[in-house]
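The values are calculated or read from the model by the stated rules, or taken from the named source; none is laboratory data. Note that the structure is a prediction, hence the values are computed from the model and not measured. Reconstructed Cβ throughout: ideal geometry from the backbone, glycine too, with neighbour counts over all protein chains shown. Quick note on the areas: whole protein, heavy atoms, side chains included, nothing else; ligands and nucleic acids left out. Shrake-Rupley method; radii C 1.70, N 1.55, O 1.52, S 1.80 Å.
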Amino acid sequence: MAASLDIDAVRGSFPALAGGQVFFDNAGGSQTLGTVAERIREYLLSTNVQLGASYDTGKKATERYETGYRAAAEFIGASRDEVVLGPSTTQHFRNVSYALNVQEGDELVVSVIDHEANIAPWLELARRQKLVLKWWKPNPTAAHDARTNPKLLASDLPALLSNRTRLVTCTHASNVLGTIHDIKAIASTVHQHSPDALVCVDAVAYAPHRKVDVKDLGVDLYSFSWYKVFGPHLSILYTSPRALSALRSLAHFFNPPVTAENKLGLAAASYELVHALPAVTAYFSSPSSHSDGSDKEGNDRWAAIAAHEEILQRTLLGWLRSRGDEVIVYGEQSADASARVPTVSFTVRARGSRGIVEAVEAATGGSLGIRWGAFYSERLVRDVLGFSSEPGEQDKKEGVVRVSMVHYNTGKLIVVSFLQVFLDLVFSMAVPGNDCE
């Protein structure tokens with residue numbers, strides 16, 4: 001029998017959910033586990049000393065830091081030496097752009113639909129080192145819905161790759177579209193056609209929703225932020241052995257350039273935040289309350305999360321699509337959990353996205369949190385989805401309305417808290433029933 005979530009136990013793990021705010025802006029940052037906050041407090045109050053000292057508290061602090069690092073690496077199927085922790089995915093990719101060994105004329109293939117964190121560093125690297133930049137754009141004729149559901153396909157890559165390709169970048173799941181890309185196929189295609197190329201993946205919008213195994217994916221650089229995976233404001237970067245050998249060290253000359261942390265860490269990981277990471281990994285490795293508890297790797301918890309989130313996105317997508325051409329949904333139209341995560345973006349005909357969000361906020365007294373905009377994916381929203389920045393088209397400048405959910409959200413919250421208010425405001429109609437849980 002498939003595992004299922006004990007939603008009361010799940011929500012009880014997040015103190016912020018006890019308040020009156022409904023959080024549908026999780027792609028911007030999830031709520032934090034109570035156990036994470038406890039570990040941060042514990043570290044600061046009992047072991048807030050420099051690492052590496054030989055006295056008792058120094059030893060304990062160092063062991064806590066190392067335990068946190070090991071837990072983070074194991075969470076994605078990597079070794080301790082292959083990962084580095086830092087303040088953000090944006091910072092990790094920027095660091096890599098300064099550490100990557102390239103030569104004039106080498107080529108970079110950069111996805112146009114990514115968050116700017118996985119675009120700007122490579123554009124600057126190309127300018128600085130006189131590299132050839134090739135844009136990886138979704139094929140506009142790949143499917144009937146390609147205009148509203150642009151996808152990165154491995155089959156489009158061979159035409160962009162050569163023996164001078166050194167880096168290919170893409171997103172695992174778009175923070176606007178929610179569409180999941182086949183990273184394993186993409187990595188395999190790149191390595192087959194360009195053996196010296198590294199595959200760099202932004203997983204910030206994917207990691208809160210699905211289990212990650214970097215070795216199975218075959219990637220070289222893979223990063224996400226823990227504060228969007230129910231943890232502290234910290235990020236992880238995985239570097240494959242191939243990637244690590246292609247990076248020079250940014251660290252002090254006396255630090256041995258052996259590990260990812262040695263080369264790229266720059267002492268940027270707050271000790272107390274690293275100590276908090278085992279609370280996140282323990283949460284995911286614990287069995288679902290409605291399973292037999294036999295799965296020691298937590299696969300039942302991840303399966304239960306995917307099944308629950310599929311219900312959430314099916315509910316929201318179904319109501320939005322029922323409005324016909326009055327509403328345009330961007331990204332994967334299917335609610336299948338293998339095809340998308342529950343980050344859902346849309347626009348309403350003849351209504352500005354900002355106005356819709358502000359109307360919902362006014363109607364709920366600010367208790368329902370959704371957002372409007374491009375969410376740092378400006379090139380996707382402006383150039384691919386076709387949102388104009390021309391004068392006189394203010395509605396399009398405002399981007400999309402985004403409702404981004406995670407597993408602690410419930411079907412009842414979607415219908416009662418959002419759909420009823422939204423449909424009342426925009427279409428002056430009621431939602432019949434709320435039995436989607």
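DSSP finds beta bridges in the chain, and of those with both partners inside it, around 55 percent are antiparallel. Write down the Kirkwood hydrodynamic radius of segment 298-411, to one decimal in angstroms, obtained as one divided by the mean of 1/r over all alpha carbon pairs. Kirkwood radius, segment 298-411: 15.2 Å.
Each residue, Asp424 and Glu361, gets one label point 7 Å from its Cα in the Cβ direction; the gap between the two is 1.9 nm.
Kirkwood hydrodynamic radius computed over segment 158-198 comes to 10.9 Å, based on all pairs of distinct alpha carbons.
Under the rule a/c < 1.5 gives rounded, and otherwise a/b versus b/c splits prolate from oblate, where does segment 98-254 land using the Cα gyration tensor? Because a/c hits 1.5 or more and a/b fails to exceed b/c, segment 98-254 counts as oblate. About its Cα centre, the dipole of segment 148-305 is roughly 380 debye, where the only charges are +1 on Lys and Arg Cβ and -1 on Asp and Glu Cβ. Dipole magnitude for the chain: computed about the Cα centre from +1 point charges on Lys and Arg Cβ and -1 point charges on Asp and Glu Cβ, it is near 800 debye. Is the chain best put as rounded, prolate or oblate by its Cα gyration tensor, with a ≥ b ≥ c the root eigenvalues, rounded for a/c under 1.5, and otherwise prolate when a/b is larger than b/c, oblate when not? The shape class here is oblate. Among 183-194, 152-163, the peptide with the highest mean count of other Cβ atoms within 10 Å heads the list, and the full ranking is 183-194, 152-163.
The GluC sites (Glu not before Pro) of segment 85-189 that DSSP puts in a loop, and whose beta carbon has at most 15 other beta carbons within 10 Å, are Glu104. Using r as the Cβ-Cβ distance of His252 and Asn163, and R0 as 30 Å, what FRET efficiency do you calculate, to the nearest 0.05? The value I calculate is 0.25.
I want to verify a result. In a Gaussian network model of the chain, Cα cutoff 10 Å, which of these has the top mean-square fluctuation: Gly68, Gly58, Gly324? Highest fluctuation among the options: Gly324. Considering only Leu51, Leu167, Leu316, the Gaussian network model of the chain with Cα springs below 10 Å gives its largest mean-square fluctuation to Leu51. Rounded to the nearest whole angstrom, the semi-axes of the ellipsoid equivalent to segment 162-252, taken from the Cα gyration tensor as √(5λ), stand at 23, 18, 10, largest first. Applying the criteria of a DSSP loop state and at most 13 other Cβ atoms within 10 Å to the chymotrypsin sites (Phe, Trp or Tyr not before Pro) of segment 48-129 yields Tyr55.
The residues of segment 1-130 have, on average, 44 Å² of accessible surface per residue, using a 1.4 Å probe with all protein chains present. Tell me, what % of the accessible area of the chain is carbon and sulfur with a 1.4 angstrom probe? Exposed carbon and sulfur together represent 51 percent of the surface.
Can you figure out the FRET efficiency of Glu42 with Thr141, using R₀ = 51 Å and their beta-carbon distance, to the nearest 0.05? For R0 = 51 Å, the calculated efficiency reads 0.35. Bridge orientation summary for segment 115-265: considering DSSP beta bridges with both residues in this region, about 45 percent are antiparallel.
Direction-averaged projected area, Cα convex hull, segment 1-67: 7.5 nm², rounded to one decimal. State whether segment 201-253 is rounded, prolate or oblate according to the following rule on the C-alpha gyration tensor (a ≥ b ≥ c being the square roots of its eigenvalues): a/c under 1.5 gives rounded; otherwise a/b larger than b/c gives prolate, and the remaining case gives oblate. Verdict is oblate for segment 201-253.
Computed with a 1.4 Å probe over protein heavy atoms only, the accessible surface of segment 220-344 comes to 37 Å² per residue.
Inter-label distance, Gln333 to Glu74: 4.5 nm, where each label sits 7 Å from its Cα along the C-beta direction. Computed log10 I(q)/I(0) for segment 1-140 at 0.10, 0.14, 0.21 Å⁻¹: -0.63, -1.01, -1.25, from the Debye equation with unit scatterers placed on every C-alpha and solvent omitted.
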